[in-house]
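Here is the structure we will look at, set down as structure tokens.
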Amino acid sequence: YPLGRLPIAELKSALQHRFSQITGAAYGKGAYFGKVADFSHRYVIPGAHVPDQEAKALTPAQLEQRKKVHTMLLCKIITGRSCLGKSGMTKPTAGCHSAIDRLNDPQMFIIFNPDQILPVNIVEYCVG
């Protein structure tokens with residue numbers, strides 16, 4: 001659903017919190033974005049996004065069903081010039097603005113600055 005239902009400030013705050021929690025990753029300590037949804041789906045935890053206020057209004061059966069829903073944030077990102085990411089990297093190399101997982105046909109983009117991320121939609125879906 002479009003983000004008109006959620007305040008952008010709340011999402012930006014969540015992104016800032018996410019950045020503060022990053023402790024290590026294969027291509028750097030940034031936010032990872034997949035080129036295609038199938039790739040990103042591997043990292044989605046079903047039921048992870050059930051707000052407390054919503055959960056209180058549901059019956060136990062509805063809550064159990066809601067926990068099967070996958071939630072993914074669709075974002076526009078500003079990659080600028082990208083460099084090859086590496087473990088422990090906290091910012092891109094000089095002259096670059098983001099990192100990638102591989103030079104030929106990258107599948108992941110690593111963003112180190114939350115100001116380069118614009119949340120566009122929240123996608124909710126079930127599998128199977």
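The values are calculated or read from the model by the stated rules, or taken from the named source; none is laboratory data. Quick caveat, the model's predicted, so the values are computed rather than measured. Side chains are part of the model used for accessible areas, which takes the heavy atoms of the whole protein and leaves out ligands, DNA and RNA. Shrake-Rupley method; radii C 1.70, N 1.55, O 1.52, S 1.80 Å.
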What translational diffusion coefficient, in µm²/s and rounded to a whole number, does the Stokes-Einstein relation yield for the stretch 74-128 at 20 °C and a viscosity of 1.002 mPa s, taking the hydrodynamic radius as the Kirkwood radius over Cα pairs? 172
Which of the three applies to the stretch 33-128, rounded, prolate or oblate, going by the alpha-carbon gyration tensor with a ≥ b ≥ c and a/c under 1.5 meaning rounded? prolate
Could you estimate the translational diffusion coefficient of the stretch 30-77 from the Stokes-Einstein equation, with Rh from the Kirkwood formula over C-alpha pairs, at 37 °C and 0.692 mPa s, in whole µm²/s? 267
Keeping the other protein chains in place, figure out the carbon and sulfur percent of the accessible area of the stretch 55-99, with a 1.4 Å probe. 59
On full extension of the chain, what length is gained from residue 58 through residue 35, given 0.36 nm per residue of separation minus the C-alpha to C-alpha distance? 4.8 nm
Too-long pairs where the Cα-Cα distance tops 27 Å, listed order kept, from 35/56; 12/86; 29/56; 35/86: 35/56; 29/56
